[in-house]
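The next block holds one structure in the form of structure tokens; read it before the comments.
The values are calculated or read from the model by the stated rules, or taken from the named source; none is laboratory data. Values in this document were obtained by computation on a predicted structure and should not be read as measured data. Counting neighbours? That spans all protein chains shown, and the Cβs are built from the backbone with ideal geometry, glycine included. Note: accessible area is taken over every heavy atom of the protein model, side chains too, but ligands, DNA and RNA are not part of it. Shrake-Rupley method; radii C 1.70, N 1.55, O 1.52, S 1.80 Å.
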Amino acid sequence: MNDEEYMKMALDEAMKGVGRVSPNPLVGAVIVKNGTVIAKGYHHYCGGLHAERDALSVCQEDTEGAVMYVTLEPCCHTGRQPPCTQAIIEAGIRRVVVGSGDPNPLVAGKGMQILRDNGIEVEGYILENQCRRINEIFFHYISTGRPFVTMKYAMTADGKIAAKTGLSKWITGESSRNNVHLDRNRYTSIMVGVGTVIADDPELTCRIDGGRNPVRIICDTHLRTPIESRIVQTAGSVRTIICTSALSQDAYKLYIESGCEILYVPEKNGHTDLSVLMEELAKKEIDSILLEGGGTLNWSMLKARAVSKVQTYIAPKIFGGIAKSPVEGEGISDPSDAYQLYDSRIFRFGDDVMIESKVKYDVYGDS
């Protein structure tokens, strides 16, 4: 096997931590000696052993002279865990192959240099694009100090997200809906507007075996979320944050008693200031948001330059007539002002197609 094949193994290890490591990165490690894999490891959860130390902890062989493959540059500072560079040096690892650099200023090239300074051969970057892609959330969050937001919506072939009656269940098939629940497990939080709560009374939970419920975030400028809604009634078991510009402490009381958190955010142009909201959520270590809002919130998040990626599920159906579209608001005046998408990838889920694209504008320095 060659370096790329071993790095693929490390990537497979890293993905075992999906939904568990936030706000840390997904990292996998593989230790090889004399052409034989002698240990594998990954970052299991935030606060737990990093992948390098995890692999070393389960290794039953002598690691002197071995090669370590790791998907992200080893850390060289003390955080929730001690530096991995020290563990690698003490283990007698001869060579370290790195998948991608770490944008954290506390690491950013320093980890690799420390290893080199201690006589360890360091090579990078192997399968860099793949290693960066699995950590797009971490890279964005650590570089911008704001959550990575994926705007997700399902529509018909003629661009409708509901019938003329407002009914929308179900546009896409079961396979697409299952993939959405996989993303709910992956993303730290899920966000909707109060209009969606009032219209659909959703639970916004993850319904896959072994899945983790995302933190539920409700954008509710005037605090209209119904106390009897399923979201409020289940807030005691699923973390729920209601973001509002209302100042009434009396109004807060019923929500808090139900288990909700109230996050005050000032108004801007009559609505909760979404730019401020992104900053406040980041302070709570909300590193990623799956945006499942309606057309109004989707437009507002785009205007706030808060959306990093768009997932468009397209079902082979036509509703026709006058019905809601995925992004509403006032819209643009000139086609040249359109929000540009790039790096698009196409996935198939049963009869449905999903197009996943990045948003081209700079979001506080990150494309």
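Its residue count N sets the reference 2.2 N^0.38 Å, and the alpha-carbon radius of gyration of segment 54-146 equals 1.08 times that reference. Taken about its Cα centre, the chain carries a charge dipole of about 600 debye when Lys and Arg each add +1 at the Cβ and Asp and Glu each add -1 at the Cβ. Charges on Cβ only, +1 for Lys and Arg, -1 for Asp and Glu, centred on the Cα centroid of segment 91-197; of GLY166, SER176, TYR153, which one is farthest towards the dipole's positive end? Comparing the listed Cα positions along the dipole, GLY166 ranks first. Solvent exposure of segment 49-192, expressed per residue, is 42 Å² of accessible area, with all protein chains present and a 1.4 angstrom probe. Looking at segment 219-358, the DSSP beta bridges with both ends there are about 75 percent antiparallel.
Just the Kirkwood number for segment 135-292, please: inverse of mean 1/r across all distinct Cα pairs, in Å, one decimal.
Working: mean 1/r = 0.0607 Å⁻¹.
Evaluated on segment 135-292, it is 16.5 Å.
Given a cut-off of under 8 Å on Cα pairs at least six residues apart, what relative contact order in percent is computed for segment 1-160? Please list the in-between numbers first.
Details: 315 pairs, mean separation 29.4, N = 160.
The normalised contact order for segment 1-160 reaches 18 percent.
With N the number of residues in segment 251-361, Rg(Cα) / (2.2 N^0.38 Å) evaluates to 1.30.
For TYR45 and SER344, the FRET efficiency from 1/(1 + (r/R0)^6), where r spans their Cβ atoms and R0 equals 25 Å, is about 0.15. Expressed in Å, the radius of gyration and Dmax of the Cα atoms of segment 246-286 are 11.6, 30.
Given a Förster distance of 30 Å, report the FRET efficiency between LYS169 and LEU263 from their Cβ-Cβ distance, rounded to the nearest 0.05. The computed FRET efficiency comes out at 0.55.
At 1.002 mPa s and 20 °C, plugging the Kirkwood radius over alpha-carbon pairs of segment 88-139 into Stokes-Einstein gives what diffusion coefficient in µm²/s?
Numbers: Rh = 11.7 Å.
Using the Kirkwood radius from Cα pairs, D works out to 183 µm²/s.
Tell me whether segment 181-274 comes out rounded, prolate or oblate; compute the Cα gyration tensor, take square roots of the eigenvalues as a ≥ b ≥ c, and use a/c under 1.5 as the rounded threshold. It is prolate, given that a/c is not under 1.5 and a/b is the larger ratio. Close Lys pairs in segment 80-196 (alpha-carbon distance under 29 Å; sequence gap of 8 or more, or different chains): 4.
The three principal axes of the Cα atoms in segment 79-208 give end-to-end lengths of 69, 27, 26 Å, sorted in falling order. Straight Cα distances below 17 angstrom link LYS16 to the aspartates and glutamates GLU52, ASP54, GLU136, ASP183, ASP209, with same-chain residues fewer than 8 positions distant left out.
For segment 222-325, the list of GluC sites (Glu not before Pro) that fall in a loop by DSSP and count at most 10 other C-beta atoms within 10 angstrom reads GLU228.
The share of C-alpha pairs in the chain whose separation exceeds 25 Å stands at 58 percent.
State the percentage of accessible surface on the chain attributable to carbon and sulfur atoms; use a 1.4 Å probe and exclude ligands, DNA and RNA. Mind dumping the intermediate values first?
Numbers: 8220 of 16890 Å².
That share works out to 49 percent.
Taken per residue, the accessible surface of segment 247-302 reaches 47 Å², heavy atoms only and a 1.4 Å probe.
Pop out the Kirkwood hydrodynamic radius of segment 1-107 from its pairwise C-alpha distances, inverse of mean 1/r, in Å to one decimal. Intermediate values should be presented prior to the final figure.
On the way: mean 1/r = 0.0745 Å⁻¹.
After inverting the mean inverse Cα-Cα distance, the result is 13.4 Å.
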